[in-house]
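I have placed the structure first, in the form of structure tokens, so that the comments after it can refer back to it.
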Amino acid sequence: MAFISRFFRSAAGDPDAANHATQQAARDQEWQSCLAQDRMPSFVQRRLADTKSGKLPWVSTTSVGGLLAQRSHGIKPIGLVSGNCWYQYGFSWTRGHYDGWHKAIDRLWREASALGANAVVDVTMKVQRMADTSSQMDYGVLGTAVSIAGLGESPNPVVATVSALEFARLMEAGIVPVGLAIGAHYQWYYPNQSIMMGQNMSAMGMAMMGGWNQELTALSEFLTDVRRTAVGQLQSDAARIGTGVLARVEYSEIVPGEEREGVPPRYLARHIAFGTAVLHDPRHHVPMRLRSVFSVKDGKMTPDVDLTQEVI
């Protein structure tokens, strides 16, 4: 508190510092109001408008090689877009992950929509648990908004984890990325469950202490169930908008609970899965042809034994 008091006394004696503090306070207040009303602050809208008009330079997550390849497909980066949500999930970690991610994705989508983008590609998703609490997490998504030649500005840009070039090649093959799908599940494992599953507790205890080499079937079944449930939620989420999921990323974690004397430790297992939902008609056939691949060996050009398929 003493530091804060000194800061404000210093700001009061410095017109520039005082003005900056006032602007920051107004900015924070507008953020709070806009988040409650589910809209973008005026300063974010100005930044996006300046990016769209070219007043601000575009920023892309794409590599140099990827950018050059995109140009041949008529793909142009517009700018970097992002979305964040600091979420307290309270009674349900599973529901918290779903809601937190979708709020962050919706905010990224709103920025891309303001830019008139056709898609947001190369989307990365990161989550950070707050150090001082286990019930709050920061969900963040970041990607590059792009325009595609021949398509007008879109009020509903597609959000995808694939790169811009992969996005274009998928479109060529009749596979249309339509958005992100998410699945998450957590579940506590209590050792007494193993008795109901027919697992001998004394044998399990000996194995966990390194006495035996054996599979702990109760834990295997438990973790498999957690993963399958999360992937099932991913499939259900994808079914809202598409017929399949590509570029799937998964993360698993198992954490021991608080130990209590005379009580076997319990375990919390978490599994997250997300990817790009796509629409695909399996009746669509992409023409293929075989192309000979030549290699130079001992100064002579000879046909290689392998043949490579190339999409026309």
Among (1) assigned by TED's automatic domain parsing to the domain that holds HIS73; (2) at pLDDT below 90, which single condition is GLN199 missing? (1)
Filter result (loosely packed, with under 14 Cβ neighbours inside 10 Å and outside any helix (DSSP H, G or I)) within the range 60-102: SER63, SER72, GLY74, GLN88, GLY90, PHE91, SER92
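Let's see how each residue does on (1) within 23 Å of ALA277 (Cβ to Cβ); (2) out of contact with any Pro (no Cβ under 9 Å at 6 or more places or on another chain); (3) in contact (Cβ under 8 Å) with a residue 12 or more places away in the chain:
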position	(1), (2), (3)
SER63	no, yes, no
LEU68	no, yes, no
GLY96	yes, yes, yes
ALA112	yes, no, yes
LEU115	yes, no, yes
ASN118	yes, no, yes
VAL121	yes, no, yes
Could you pull out the residue among HIS284, HIS271 that is modelled with pLDDT of 80 or more and either of a type in the set (Gly, Ala, Ser) or closer than 30 Å to VAL121 by Cα (or both)? HIS271
When you check MET130 against the structure, is it modelled with pLDDT under 85 and either buried (at least 18 other Cβ atoms within 10 Å of the Cβ) or under 11 Å from the mean Cα position of the chain (by Cα) (or both), yes or no? no
Residues located in the range 53-65, provided they are in contact with a strand residue (DSSP E or B) (Cβ under 9 Å, 6 or more places away or on another chain) and over 22 Å from SER163 (Cβ atoms): LEU56
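The values are calculated or read from the model by the stated rules, or taken from the named source; none is laboratory data. Quick caveat: nothing in here was measured; it's all calculated off a predicted structure. Neighbour counts are summed over all protein chains in view; Cβ atoms, including those assigned to glycine, are modelled from backbone coordinates with ideal geometry.
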